[in-house]
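Student: The structure follows.
The values are calculated or read from the model by the stated rules, or taken from the named source; none is laboratory data. Keep in mind that what you see is a predicted model, and the values were worked out from it rather than measured. Note that we place each Cβ from the backbone using ideal geometry, even for glycine, and neighbour counts take in every protein chain shown.
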Amino acid sequence: MSRHEGVSCDSCMKGNFRGKRYKCLICYDYDLCSVCYDAGATTPTHTTEHPMQCILTRADFDVFYGGEALTVEQPQSYTCPHCSKMGFSESSLHDHVAADHSDTSAEVVCPICASLPGGEPNHVTDDFASHLTVEHRTPREFISFFVCYLEVALQHFKWLRFIATKKSFKS
Ligand SMILES: [Zn+2]
Ligand SMILES: [Zn+2]
Ligand SMILES: [Zn+2]
Ligand SMILES: [Zn+2]
């Protein structure tokens, strides 16, 4: 997937565009192509002051990160939807929001949900700090849990095969 399928730029109306996509974290479902973003496109509701999350297509994503798995530390850099600071990882965004915006209750779009392949692109929350805690809390723990689970499954599979070969020896 080298295009943003099903996404069109809300300024020039170009559909399924290539390259970087910028999604407003304040306006509901407002996306810009990189050309319009660089040109500073605005609408009566959207201003250039709004924090925007840069989203890569899956193909660009793989080029950027050498095809390495999504499990690496910094697969995406996130924009804080409250103060527009960029370059956060999932965990540093978590720390930043907990430290600086714990009592902010503005409605924002979750930059992590918006960036994840297959994620909910317009997840609006008025409690971003708890959303982060609930939905994006422990990616690394989850991954190690998943790896453990795979190892157990693999052991189980070997064992089953062992039994199967024993059985076939008997018959
Ligand atoms: Zn555009
Ligand atoms: Zn906006
Ligand atoms: Zn912030
Ligand atoms: Zn989210």
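Student: Could you please find all residues in the stretch 89-106 being among the hydrophobic types (A, V, I, L, M, F, W, C) and touching a residue at least 24 places away in the same chain (Cβ under 8 Å)?
Tutor: Within the stretch 89-106, the first condition is being among the hydrophobic types (A, V, I, L, M, F, W, C), and the residues that meet it are 93, 97-99, 106.
If the condition is that a residue be among the hydrophobic types (A, V, I, L, M, F, W, C) and touching a residue at least 24 places away in the same chain (Cβ under 8 Å), then Leu93, Val97, Ala98, Ala106 are the ones that fit.
Student: Output the number of residues of the stretch 15-39 satisfying the condition of being more than 16 Å from ligand 3 (Cβ to nearest atom) and touching a strand residue (DSSP E or B) at 6+ places or on another chain (Cβ under 6 Å).
Tutor: Taking the stretch 15-39 and keeping what is more than 16 Å from ligand 3 (Cβ to nearest atom), we get 15-23, 27-39.
With the extra rule that they be touching a strand residue (DSSP E or B) at 6+ places or on another chain (Cβ under 6 Å), the set shrinks to 15-18, 20-23, 30-32, 37.
So the count comes out to 12.
Student: Another question about this same structure. Restricting attention to the stretch 102-133, which residues are out of contact with any helix residue (DSSP H, G or I) (no Cβ under 9 Å at 6 or more places or on another chain), more than 17 Å from Cys54 (Cβ to Cβ) and outside any loop (DSSP other than H, G, I, E, B)?
Tutor: Val124, Ser130, listed by residue number.
Student: Among the residues of the stretch 130-171, what is the count of those that are modelled with pLDDT under 75 and among the hydroxyl-bearing types (Ser, Thr, Tyr)?
Tutor: Result for the stretch 130-171: 5.
Student: Okay, moving on. Out of everything in the stretch 115-128 that is under 18 Å from Lys20 (Cβ atoms) and out of contact with any Asp or Glu (no Cβ under 8 Å at 6 or more places or on another chain), what residue ends up being modelled with the lowest pLDDT? Walk me through how you get there before you give the answer.
Tutor: Our first condition is that a residue be under 18 Å from Lys20 (Cβ atoms); within the stretch 115-128, this holds for 115-117, 119, 121.
Among the residues that remain, those that are also out of contact with any Asp or Glu (no Cβ under 8 Å at 6 or more places or on another chain) are: 115-117, 119.
On the way: Ser115: 87, Leu116: 79, Pro117: 70, Gly119: 74.
This residue is Pro117.
Student: Continuing with the same structure: Among the residues of the stretch 19-44 satisfying the criterion of being of a type in the set (A, V, I, L, M) and away from ligand 4 (no atom under 16 Å from the Cβ), which is nearest to the chain's Cα centre (by Cα)? Spell out the reasoning first.
Tutor: We begin by selecting, within the stretch 19-44, every residue of a type in the set (A, V, I, L, M); these are 25-26, 32, 35, 39, 41.
Those still in the list that are away from ligand 4 (no atom under 16 Å from the Cβ) too: 32, 35, 39, 41.
On the way: Leu32: 17, Val35: 22, Ala39: 25, Ala41: 24 Å.
The extreme case among them is Leu32.
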